[in-house]
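A short worksheet on the structure shown next.
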Amino acid sequence: MSTAFILDAVRTPIGRHGGALAKVRPDDLAAKAIGGLVARQAALDPAAIGDVVLGNANGAGEDNRNVARMAVLLAGLPASVPGTTVNRLCGSGAEAVVAAARAVECGDADLVVAGGVESMSRAPWVLPKTERPFPRGGIELADTALGWRLVNPAMDPQWTVSLGEGAEILADEFGITREAQDAFAARSHRLAHAAWESGAFADEILPLPELDRDEAIRPATTPEILAGLRTAFRAGGTVTAGNASPLSDGAAALLLGGERAAADHGKPLARIVSRAVTAVEPHRYGIGPVAAAERALARAGIGWGDLDTVELNEAYAAQSLACLASWPGLDPAIVNPQGGAIAIGHPLGCSGARLLATLAWRLRRDGGRYGMAALCIGVGQGIAVVLEAA
């Protein structure tokens, strides 16, 4: 078994829904990330890439027909380079990195590109086929940008509540107040803005002609401003557009390789140490990362006190705070020190790869040893990956 290393990692700036990247097709967005990654590697023969694995959550529009393979061709890589697309919803980008690491570890490939892409702006409406021919009356279109659609009637109705209602359920269960959620969201914006101002994202960002900086960060956000927003999912609830991640567009790409590849491409950023996926009831999806993180730590042979930094995807402030309450051994101060998805954005299939790119570069820059990235996943799953600085 070989060791899998992250040799390099890039991401596009994250665009707001309907914003600067809305005119960029998701296959083109993925191609920009892959092409930018390859262009940074002077010693890399693109034909030596054994596979390209991309996460993508929707796949209902221009990202259909295996967006990874489309991106390989659009990026100008040799036609001999294969590509495959994986879907674990919000964990898809992390799942792609895990799949690439396995390929390296078992010797199926020396070099693999892994990442993720999502354009929630361009996610289409879909029209289901009718149960019988020549129906009369109207037929409802389904928006594929986020959440449940075309729900199987055999599903338990409690399982198919909206993602926002799932966050409200956790707020009730864990006693998480509106004030705590707004304070957490304001922290995300403050830290993300500070990270950009300090240049902390410089190594990972691939500027695009359309956008050169994460678009949804609002530096002036305060808990007091957020307190004025209306709740979005439940009358008298606590979850608002301000303490939830925004719909977003973006792509990320990481180059993974084994010991031989690492020797040929300079000092790696990090080593893939362990990973885990777990599942919970669908409406409690927000605490999906809790058991996944604990299992990944156990597989790595380390504990919470060994971690120097953590990237926890901020789908909702309530969801993130529920996870933190479930991890009493984790110091909250080391979680998302450069802000999180509430400020930066959450382009579904990209986010796991984006978190791992940020984590790997922070381990390099700040000199820590161990870091973890973890994400909750719709329909009740969680994923976590532990990295060690190389």
Give the carbon-plus-sulfur fraction of the accessible surface of the chain in %, rounded to a whole number; probe 1.4 Å, heavy atoms of protein chains only. 53 percent
Give me the 1.4 Å probe accessible area per residue for the chain, excluding ligands and nucleic acids, in Å². 39 Å²
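In percent, how large is the relative contact order of the chain, given Cα pairs closer than 8 Å and 6 or more residues apart? The partial results should precede the final answer.
On the way: 1005 pairs, mean separation 107.5, N = 390.
Result for the chain is 28 percent.
Using DSSP to define loop residues, name the trypsin sites (Lys or Arg not before Pro) in the stretch 59-128 whose beta-carbon has at most 13 other beta-carbon atoms within 10 Å.
On the way: sites: Arg65, Arg69, Arg88, Arg102, Arg122; in loops: Arg65, Arg122.
Loop-located and lightly packed - Arg65.
Just how many % of Cα pairs in the chain lie over 41 Å apart, if you round to the nearest whole percent? Spell out each step's value before the answer.
Details: 7000 of 75855 pairs.
Within the chain, distances greater than 41 Å cover 9 percent of Cα pairs.
Based on DSSP H runs of at least 4 residues, each adding -39500 (n - 2.57), what is the mean residue ellipticity at 222 nm of the chain after dividing by all its residues, to the nearest 500 deg cm²/dmol? Walk me through the numbers before you get to the answer.
Values: 11 runs with 125 residues, N = 390.
-10000 deg cm²/dmol, from helical runs alone.
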Filter the trypsin sites (Lys or Arg not before Pro) in the stretch 303-381 down to the DSSP loop ones having no more than 14 other Cβ atoms within 10 Å, then list what survives. Arg369
When the Cα centres of the stretch 324-388 and the stretch 226-268 are compared, how far apart do they sit, in Å? 8 Å
From phi via Karplus (6.51, -1.76, 1.60), per-residue ³J(HN,Hα) for the stretch 312-319 in Hz, x at Gly/Pro: 10, 5, 8, 4, 9, 4, 4, 5
Once phi is turned into ³J(HN,Hα) by the Karplus curve 6.51 cos²θ - 1.76 cosθ + 1.60 with θ = phi - 60°, what whole-Hz value does each residue of the stretch 44-60 show in order, with x for glycine and proline? 8, 8, x, 5, 7, 5, x, 6, 10, 10, 10, x, 7, 8, 8, x, 9
When the chain is modelled as a GNM with alpha-carbon springs shorter than 10 Å, which of Phe184, Phe134, Phe233 fluctuates the most? Phe134
The stretch 155-169 to the stretch 60-82: how many Å between their Cα centroids? 34 Å
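Looking only at the stretch 41-146, where both bridge partners belong to it, what percent of the DSSP beta bridges are antiparallel (to the nearest 5)?
15 percent
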What is the set of long-range amide H partners of Arg271 at a cut-off below 5 Å, with H atoms built 1.01 Å from backbone N? Ile6, Glu388, Ala389, Ala390
Might you work out the accessible area of Glu281 for me, using a 1.4 Å probe with all protein chains in place, and round it to the nearest 10 Å²? 90 Å²
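The values are calculated or read from the model by the stated rules, or taken from the named source; none is laboratory data. None of the values given here were measured: they were computed from a predicted structure. When we count neighbours, we look across all protein chains shown, and the Cβ atoms used for this are built from the backbone with ideal geometry, even at glycine. We work out accessible area using only protein heavy atoms, side chains counted, and drop any ligands, DNA or RNA first. Shrake-Rupley method; radii C 1.70, N 1.55, O 1.52, S 1.80 Å.
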